1. Name the residue that is farthest from R437 (Cα to Cα), counting only residues in the range 1-40 that are modelled with pLDDT of 90 or more and touching a Ser or Thr at 6+ places or on another chain (Cβ under 9 Å).
2. In the range 170-185, which residues are of a type in the set (D, E, K, R), part of a loop (DSSP other than H, G, I, E, B) and free of Cβ contacts under 8 Å to residues at least 60 places away in the same chain?
3. Would you pick out the residues in the range 500-519 that are part of a helix (DSSP H, G or I) and either among the β-branched types (V, I, T) or within 22 Å of F340 (Cβ to Cβ) (or both)?
4. If you take the residues of the range 131-169 that are in contact with a strand residue (DSSP E or B) (Cβ under 6 Å, 6 or more places away or on another chain) and assigned to a loop (DSSP other than H, G, I, E, B), which of them is modelled with the lowest pLDDT?
5. It is to be established whether one or more residues within the range 450-465 are in contact with a strand residue (DSSP E or B) (Cβ under 7 Å, 6 or more places away or on another chain) and at pLDDT below 95.
6. Within the range 108-131, count every residue that is within 20 Å of L72 (Cβ to Cβ) and in contact with a Ser or Thr (Cβ under 9 Å, 6 or more places away or on another chain).
7. Being more than 22 Å from the chain's Cα centre (by Cα) and part of a strand (DSSP E or B) is the filter; apply it to the range 230-244 and report the residue that is surrounded by the fewest Cβ atoms within 10 Å (Cβ to Cβ).
8. Of all residues in the range 578-600, which are part of a loop (DSSP other than H, G, I, E, B) and farther than 22 Å from F361 by Cα?
Amino acid sequence: MKKLYLPPVLVLLLLAGTNAPLPAQPGGNLLVRDTVARVITRLQREMPTNELQKLTPAQAEKFLTPQEREVLATKHLSFRVNRPVRVTVLRDARLGAQPFWLRARGFEPTTTTLKHGKVVYDAWQKDFAAGPVGLGIHALSWDCDHYLVTLAPVVPGDNIKVSDLYPGQLRLTTFKAGAEPYVDQSVVLASVPPELEGQILIRTDTDLEMDAQLVNVFRVTQYPASQQPDQVVLTWSEDPRTSQTIQWRTSTQVKHGYVRYQEKPGNNPVNPPKSARATATTLATPTLLNDPVIRRHTAVLRGLAPGTTYVYSVGDGREAGWTAPAEFATAPARARPFTFMYLGDAQNGFDRWGELVHNAFRTHPEAAFYLMSGDLVSRGTDRGEWDSLFYHAQGIYDRRALVPAIGNHECQGRRPELYLKEFTLPKNGPKGIEPGRAYAFEYGQALFVILDGNLDPASQTAWLEHKLSQTQALWKFVMFHQPAYSSGGNQENVELRAAWTPLFDKYHVDMVLQGHDHAYLRTYPLRAGQRMPGPKEGTVYVISVSGTKGYAQGKHDYTEFGMTNVLTFQVLAIQTNPNRLQYRAYDSDARLRDELVIDK
């Protein structure tokens, strides 16, 4: 579901350095996120940098004022009940003394436990009178999924009615096996404690677990910005045949950016170099202690010739301020053979991921662009991780366009703030959705549709059908992060599958490129969830992982080929006359591990 309010760190951008009074909810109650933003500001002002980086939950708790403790103990979740109610909070037992308010507010530990996957939750209970009930934050660190809440009448037989749920995305259901505990995940409870079965379950939101994060918020980047341009990345925000979007960063000392470019010299005379001025924006990340503010530069080159290679440099206009020349190529005007790359989650181990992507580039320089299916980084709010990703991709994404999708890790903090500021992408997505979250483009004879699986699938379904029904492209590819068909045991997105896969069947999407599950999967060609004789009759779904984090492989009747703990990159080559797609998956050493051929 789409998250409609800002995380604490983003609010901090507005509040830092001010003495304005904190905004209030109706009735004068301070918002949790505003309180946390104020605490972060005060921590930075009063604590040395080395202590901020080693801050513990106990230290963070001691730093809170009585007013802040009250807000964090009562204003995180709230609801109203018509009868006296017994509230049970089930939290990950590994949290130890967190959250601090359980004992402070008189919740009593019980012997009841819940096992959810590999995690054991312990249960804490307290009785409340009829009327408003407020519960506190998940934790001051961010270590595990949000606690669960169940309600039962204090007086047996009372009919409990729950109203005024806050935040508004929370929902109610019955606490039983098969229930979904979170509104933003499709995971279910395999079993529940018998003594709690049948109670009212408040379905919470996993992103709420970050609302009061104070531990591990303060970071440093290994790759701070300087006056010299770096993190040069190619994307497309307009027609790939006639335009090229280029973005890079500098320190704030650099006020303006420019691109010098011309057609690559060959046997024929070429036009003299041209220059384009970039737009510059300031990107502030106050919790990044050693490089909190940088400048992002973006230039869109227009009026380019299709199927042409260009040489370019970026700089600030000074002769000493230009980058070394690099090349990009525009898309062909008509159907031509071409190759592209597809990479699953990078997320962890950027040094090894860098080796993989450089091996991919070295062994397959013919690839025209690179798709990444989300979770490019592990912490989407940590600019240091983005800096590491770009550092290890240097020499590649300044020569081949990057086509990204948004994963759940980009959305930590509810909105993919840094992702949307790092990449300039097409603005041709569904109405009502933030530009860059879903988009589409055509390259040669192929249509590429990029979707955002973090949002309500219904918000993109009509637009998706319009794109698939209106194209004349021979080949159709769709990419999103959360899988319709999982390689693991419980990562499938049922709502997404119900909304989108009928359209893949109806308009015969050739391949769906997914992420999220960290185990390689290629399905049989599927139609309506059933195995088809071949790819002419069905859609092939793929999951790959290019980073170091691995998951177990589940057993599914739709799996044609799977691997675990294998980092891969995928090379997809489209040929003409005859029309053929050759799909190949290579491991990090560039050894062939899987392949498929689709003829049309």
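1. Ranking the qualifying residues of the range 1-40, first place goes to V39.
2. Of the range 170-185, the ones of a type in the set (D, E, K, R) are 171, 176, 180, 184.
Restricting the remaining residues to those that are part of a loop (DSSP other than H, G, I, E, B) gives 176, 180, 184.
Correct list: K176, E180.
3. Hits for the range 500-519 are W500, T501, F504.
4. Looking at the filtered set, the residue picked out is C144.
5. No, because not a single residue in the range 450-465 is in contact with a strand residue (DSSP E or B) (Cβ under 7 Å, 6 or more places away or on another chain) and at pLDDT below 95.
6. Residues that pass the stated criteria total 2.
7. Out of the qualifying residues, it is D230.
8. Of everything in the range 578-600, those that are part of a loop (DSSP other than H, G, I, E, B) and farther than 22 Å from F361 by Cα turn out to be P578, N579, K600.
The values are calculated or read from the model by the stated rules, or taken from the named source; none is laboratory data. None of these values were measured; they are calculated from a predicted model. Note that we place each Cβ from the backbone using ideal geometry, even for glycine, and neighbour counts take in every protein chain shown.
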